[in-house]
There are 2 protein chains.
Amino acid sequence: MPQRTRKPGPSKIRSAAFQRIRADHSSELAEDYVELIADLIDEKGEARGSDVAMRLGVANATVVKTMKRLQDAGLVTQEPYRSIFLTGEGWKMAEDGRRKHKIVEGFLLALGVPEETARIDSEGIEHHVSEATLRAMARFLARKVM
Amino acid sequence: MPQRTRKPGPSKIRSAAFQRIRADHSSELAEDYVELIADLIDEKGEARGSDVAMRLGVANATVVKTMKRLQDAGLVTQEPYRSIFLTGEGWKMAEDGRRKHKIVEGFLLALGVPEETARIDSEGIEHHVSEATLRAMARFLARKVM
DNA sequence: CGGAAAGTTTAGCATTGGCTAAACCTATTG
DNA sequence: CAATAGGTTTAGCCAATGCTAAACTTTCCG
């Protein structure tokens, strides 16, 4: 019971960053799945569980389990033994991810990061950039072009 | 028309990025804890579990459990009811994290990202930047100064 | 010194995200 | 049109991270 007496001092603010990171993590996986599903639908007309599994480097069963969660979250729909669809919410998330991804990857390339590395790094970074940082990156890109 | 045959094409490579992200995640938490412990030791001479908990915005018990893992991983040492110390390995990891952190945060600031945002974003980004990207950031900073 | 306050650890639980093996559908094809 | 090959789902396991409540130490003060 004691340590509960902690008052919200300035460390409250300190911990904000970490708290955001933990929050990001929960959505991060969802975003990766959703973005990939969108890509598959655009590329091949449909997203099948096993394609998702292969591209993500994950077992089939893991995808099934995750799809259940994403369905509960209202991001995808799926009938048993059928392919996966995105809801409106899902598409919104996918588009947003793509937008961020494009900016970050383009930015890294403009910075002089090798292509392969830019692709990999942007995949990890995209979930941790705020709008303010995205704006700064976009500004940099715009200036570069002129 | 499901069960279309799929060959193990370039998607193998595709999955590499995601696989790295998942790998990063396991170390990420450890890095955050270790870096924070280093900061506490430098700041106040010792790192106590409850300080770590408070700054990370996490319950005391969570820190205890994590310390056990970090101890098994050879990153920290701790006697029951005593404060936490870093091993050589632990210091190395902390230093490396600080180095990355400094570059990323400095870079964001140079890009024009507001201070508060730069601090928060860099916390999340630092675990996902490769050495190549760090070099590019450092190069940018050096050029900026001239 | 002894006891209460303050801090730490243990116990027990929940969720996420991953895996393998086995059971289960579906579509092709003989 | 039924057998079977080959995807898909279920079952059951594991580790990591987080939480609360209760038990346990340590510290500090009268």
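The values are calculated or read from the model by the stated rules, or taken from the named source; none is laboratory data. Because the structure is predicted, anything quoted here is derived from the model rather than measured. Reconstructed Cβ throughout: ideal geometry from the backbone, glycine too, with neighbour counts over all protein chains shown. Just so you know, the surface numbers come from the protein's heavy atoms only, side chains and all, with ligands and any DNA or RNA stripped out. Shrake-Rupley method; radii C 1.70, N 1.55, O 1.52, S 1.80 Å.
Give me the accessible area per residue for the protein assembly as shown, probe 1.4 Å, as a whole number in Å².
Working: 15730 Å² over 292 residues.
Heavy-atom accessible area per residue stands at 54 Å².
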**Study point:** Magnitude of the charge dipole, the range B:17-145, Cβ model with Lys/Arg +1 and Asp/Glu -1, debye to 20
**Key:** 300
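From the Cα gyration tensor of the range A:48-118, with a ≥ b ≥ c the square roots of its eigenvalues, which class applies: rounded if a/c is under 1.5, or else prolate if a/b is larger than b/c, or else oblate?
oblate
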Exercise for review: Sort the range B:17-145 into rounded, prolate or oblate with this rule: let a ≥ b ≥ c be the square roots of the eigenvalues of the Cα gyration tensor; rounded if a/c is under 1.5, and if a/c is not under 1.5, prolate when a/b is larger than b/c, oblate otherwise.
Suggested key: prolate
Check your understanding: Can you list, shortest first and in nm, the gaps between the label point of B:ARG48 and those of its counterparts in the other copies, using a point 7 Å from Cα in the C-beta direction?
Key -> 6.0
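How much accessible area is lost when chains B and A come together, counting both sides, with a 1.4 Å probe, in Å² rounded to the nearest 100? Write down the numbers at each step before the final one.
Numbers: alone 10090 and 10010 Å², together 15730 Å².
Adding both sides of the contact gives about 4400 Å².
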Practice item. Assuming a ≥ b ≥ c are the square roots of the Cα gyration tensor eigenvalues, decide whether the protein assembly as shown counts as rounded (a/c under 1.5), prolate (otherwise, with a/b larger than b/c) or oblate. Key: oblate
Check your understanding: In whole percent, how big is the carbon plus sulfur part of the accessible area of the range B:17-145, probe 1.4 Å, protein atoms only?
Key -> 55
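Do the sum for the protein assembly as shown: with -39,500 (n - 2.57) for every DSSP H run of n ≥ 4, divided by all residues, what is the mean residue ellipticity at 222 nm, to the nearest 500 deg cm²/dmol? Numbers along the way, then the final one.
Values: 12 runs with 210 residues, N = 292.
For the protein assembly as shown, the value works out to -24000 deg cm²/dmol.
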Review point. What are the nm distances, shortest first, from A:GLU131 to its equivalents in the other copies, labels at 7 Å along Cα→Cβ?
Key: 3.8
Check your understanding: Pick from A:VAL104, A:VAL34, A:VAL64: which residue has the top mean-square fluctuation in a GNM of chain A where Cα pairs under 10 Å get a spring?
Key -> A:VAL64
Check your understanding: Looking at the range B:38-146, how many pairs of lysines come closer than 29 Å at the Cα, when each pair is eight or more places apart or spans two chains?
Key -> 15
Revision key, fill the gap. Chain A: relative contact order from alpha carbon pairs under 8 Å, six or more residues apart, as a whole percent, is 20
Study note, to complete from the structure: Counting only DSSP loop positions in the range A:47-137, the trypsin sites (Lys or Arg not before Pro) whose Cβ has at most 12 other Cβ atoms within 10 Å are A:ARG82
Point to revise | Within 10 Å of each Cβ in A:20-29, the average number of Cβ atoms from other chains | key: 3
